[in-house]
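Below: the structure, in C-alpha cells.
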Amino acid sequence: MSSALTPGFATDMFRLDGKVALMTGGRGALAEAMGATLADLGCDVAFASRNEQECAEIAADISTRFGRRAIGLRCDISREEEVEAVVGQTIERLGAIDILINNAGASWWGLPEDIPLSGWRKVMDVNVTGTFLACRHVARHMISRGGGAMINIASVGAFLSYTPDAGQVVPYTTSKAAVVHLTRDLAAQWAAHGIRVNAIAPGSVETGMTETLTEAIQTKLLDGILMHRFGKPAEVAGTLALLASAAGSFITGQTFIVDGGQSIA
C-alpha cells in the first residue's frame, strides 16, 4: 500500500487551508452555502456582486461563524472594468486568488418570439461574457502563480429544452449551454498552466429562479425529478468542495450535473 494512504489522507485532500477564493454572484442562499463550504475547509472568500451590501453581510456572517477572512465587494460582472477592479481588490486585500467561482447569473422569461433583444443581451452579457471576463482576468493572475481552480455555475437547463408551460427561458438555457462549452475550451487552453476549469450544473434548487416560479410550474418540475424534491444549496456545495480542492486535482473540462435525476427523468 502507498505510504501516502495514511489515516486522515482523504479528509486532508479536501482541505483548503491558506487558499483564497473569489465568488461572483456572491449573494443569495447558494452563494452563502458555497462560501460556508469553502470557509469550513479553511479558505478565505471574497463575495462579489452588484449588491455590495448583501455580499458584505454574508461575508461578515461567514467570518464570524468560521473564523476565516471574508469580504464583500461590488462588481457588475458584465462590465470589464469592474471585473478587473474586483480581481485586483481581492488580490490586494486577501493576497491571491487560488479559486474562482462564477456564480453570477441572469434570466429573462418570455416566449422566444416576444423576447426583446435587450433581454437577450442582458442574459448573454452576464452569463456568458461575464463568466469569460472573470475567467480571463483571474487566469492572468493564476498563470503567474502556476495554477488554480475555476468552477463555473451552469445549469441543468444547458442539457434540457422546455415546452412553454414548463419554462420560457430560451436565453437562460442557451447561455448556460455556452458556459458548459466555454468551460471545456478554457480547460483545454489553460491546462498547461496548471489551471483546472470545471462546471457545476444544478437542477431545481430551493433558491433563485425556482422560488420565483408559479406553483403550477414548480409542481410540473417536481414531476420530472426522479428524487421528487428540489435540491438544497448545500447539496451543490459538496461538488464545489471536490472541484476546488486537491481531491479533484485530476479533473478538468467537466460539468457535474447535480439535479436529483432531473436530466434523465
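The values are calculated or read from the model by the stated rules, or taken from the named source; none is laboratory data. This is a predicted model, so every value here is computed, not measured. FYI the Cβ positions are ideal-geometry reconstructions off the backbone, even for glycines, and counts take in every protein chain you see.
The rows are residues; the columns are (1) within 18 Å of Met124 (Cβ to Cβ); (2) at pLDDT below 95; (3) in a helix (DSSP H, G or I).
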site: Pro171; (1), (2), (3): yes, no, yes
site: Thr174; (1), (2), (3): yes, no, yes
site: Ala177; (1), (2), (3): yes, no, yes
site: Val180; (1), (2), (3): yes, no, yes
site: Arg184; (1), (2), (3): no, no, yes
site: Ala187; (1), (2), (3): no, no, yes
site: Ala191; (1), (2), (3): no, no, yes
site: Asn198; (1), (2), (3): no, no, no
site: Thr207; (1), (2), (3): no, yes, no
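Please work out if Ser144 is more than 22 Å from Lys19 (Cα to Cα), of a type in the set (Ser, Thr, Tyr) and either modelled with pLDDT of 95 or more or surrounded by fewer than 21 Cβ atoms within 10 Å (Cβ to Cβ) (or both).
Judged against the criteria, Ser144 is not a match.
Of a type in the set (S, T, N, Q), in contact with a Phe, Trp or Tyr (Cβ under 6 Å, 6 or more places away or on another chain), buried (at least 19 other Cβ atoms within 10 Å of the Cβ) and closer than 27 Å to Gly110 by Cα: is that true of Ser263 in this structure?
no
For His228, are the conditions met, namely being surrounded by fewer than 19 Cβ atoms within 10 Å (Cβ to Cβ) and over 17 Å from Gly105 (Cβ atoms)?
Numbers: surrounded by fewer than 19 Cβ atoms within 10 Å (Cβ to Cβ): yes; over 17 Å from Gly105 (Cβ atoms): yes.
The answer is yes for His228.
Between a first residue in segment 220-246 that is among the aromatic types (Phe, Trp, Tyr) and a second residue that is part of a loop (DSSP other than H, G, I, E, B), which pairs have beta carbons less than 6 Å apart while being 6 or more apart in sequence or on different chains?
Pairs that qualify, where the first residue is among the aromatic types (Phe, Trp, Tyr) and the partner is part of a loop (DSSP other than H, G, I, E, B), are Phe230/Ser204; Phe230/Glu206.
Looking at segment 75-153, what helices (runs of 4 or more DSSP H) fall wholly within it and have at least 1 residues that are within 18 Å of Leu240 (Cβ to Cβ) and of a type in the set (A, V, I, L, M, F, W, C)?
On the way: elements: 80-94, 117-124, 131-145.
Qualifying helices (runs of 4 or more DSSP H): 131-145.
Between Gly8, Gly28, which is modelled with pLDDT under 95 and closer than 21 Å to Ile151 by Cα?
Result: Gly28 is the single residue among Gly8, Gly28 that is modelled with pLDDT under 95 and closer than 21 Å to Ile151 by Cα.
Can you name the condition, by its number, that Ala247 falls short on among (1) under 20 Å from the mean Cα position of the chain (by Cα); (2) surrounded by 19 or more Cβ atoms within 10 Å (Cβ to Cβ)?
Tallying (1) under 20 Å from the mean Cα position of the chain (by Cα); (2) surrounded by 19 or more Cβ atoms within 10 Å (Cβ to Cβ), Ala247 fails exactly one: (2).
Could you tell me whether segment 42-61 includes any residue that is out of contact with any strand residue (DSSP E or B) (no Cβ under 7 Å at 6 or more places or on another chain), at pLDDT 95 or above, crowded, with 16+ Cβ neighbours inside 10 Å and over 27 Å from Asp125 (Cβ atoms)?
Looking for residues that are out of contact with any strand residue (DSSP E or B) (no Cβ under 7 Å at 6 or more places or on another chain), at pLDDT 95 or above, crowded, with 16+ Cβ neighbours inside 10 Å and over 27 Å from Asp125 (Cβ atoms), one finds at least one in segment 42-61, hence yes.
If you take the residues in segment 250-260 that are in contact with a Leu (Cβ under 8 Å, 6 or more places away or on another chain) and within 23 Å of Asp12 (Cα to Cα), which one is surrounded by the fewest Cβ atoms within 10 Å (Cβ to Cβ)?
Taking the candidates together, the pick is Ile251.
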